[in-house]
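To start, the structure itself, in structure tokens.
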Amino acid sequence: MNGRQVIAIDTRIEELKEVANNGLKVVMDAAELGLQPSSFEVVSSFFSLMYMVQGCHPKVFRGIHRVLKDGGIFLTWDVKIPSRPAGKALFVVPLRIVLPDTVVDTSYGVRWHRRCQDLAYFKALARKTDFHAVREAGSRKGCPYGDRTVPIDVGEGFTPSR
Ligand SMILES: C[S@@+](CC[C@H](N)C(=O)[O-])C[C@H]1O[C@@H](n2cnc3c(N)ncnc32)[C@H](O)[C@@H]1O
């Protein structure tokens with residue numbers, strides 16, 4: 001959305017190629033951020049933490065803390081993944097993304113390991129990595145997709161405690 005001001009990273013080049021804007025796109029692992037310290041006002045993660053193994057979340061948060069400027073903010077949108085019920089292999093979240101000029105209907109899915117993640121998990125992780133939560137922009141119960149409703153925690157904002 002902010003074009004040239006943005007550096008977008010992903011481990012998969014195909015994902016970056018899908019983006020049609022003039023921001024800088026770099027193949028990079030969020031757990032190994034090769035970016036200058038204290039160089040960003042905002043870091044955002046949109047349904048990406050759900051794709052990472054939980055063991056690397058602390059490293060991701062610490063790296064984000066390092067690259068944020070004083071007073072910067074880490075914004076993350078992600079999903080609550082409950083305990084895996086027997087017999088289910090995949091966790092899929094249907095999503096309607098309402099942007100100023102368009103609406104995108106999509107779904108994101110991951111292999112459903114034995115992990116759970118929710119708002120409390122991310123807040124505890126943020127505290128452990130020296131952030132403090134500055135806002136919770138909302139917690140919606142479910143998407144309007146018939147009876148396939150999934151709890152979604154949206155719009156977390158964390159800022160470094162320095
Ligand atoms: C749901 S997609 C979101 C894509 C994009 N951020 C957007 O807003 O459209 C999640 C992305 O996280 C990427 N991803 C997973 N693990 C990653 C990691 N360790 N570092 C960087 N990107 C990762 C996946 O390749 C996938 O493209």
Expressed in nm to one decimal, what extension gain is obtained for the pair residue 130 and residue 56 from 0.36 nm per residue of sequence separation less their Cα-Cα distance?
25.0 nm
With a ≥ b ≥ c from the Cα gyration tensor eigenvalues, square-rooted, and the rule rounded for a/c under 1.5, otherwise prolate when a/b > b/c and oblate otherwise, the stretch 1-105 is oblate
I'd like the Karplus ³J(HN,Hα) series for the stretch 89-105: coefficients 6.51, -1.76, 1.60, θ = phi - 60°, whole numbers in Hz, and an x wherever there's a Gly or Pro.
9, 10, 10, 10, 10, x, 9, 10, 9, 9, 9, x, 10, 7, 10, 10, 9
Quick note on 39, 83, ordering by fewest other C-beta atoms within 10 Å, gives 83, 39
Compute the FRET efficiency between residue 108 and residue 5 as 1/(1 + (r/R0)^6), taking r as their Cβ-Cβ distance and R0 = 30 Å, and round to the nearest 0.05.
0.75
Give a residue-ordered list of calculated ³J(HN,Hα) values for the stretch 27-33 (Karplus: 6.51 cos²θ - 1.76 cosθ + 1.60, θ = phi - 60°; whole Hz; x for Gly, Pro).
6, 7, 8, 4, 7, 9, 6
Just to verify a number: FRET efficiency for residue 38 and residue 90, C-beta to C-beta distance, R0 = 45 Å, to 0.05?
0.70
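Readers should treat all values here as calculations from the given coordinates under stated rules, not as data from a laboratory. Note that the structure is predicted; figures quoted are calculated from it, not measured. Reconstructed Cβ throughout: ideal geometry from the backbone, glycine too, with neighbour counts over all protein chains shown.
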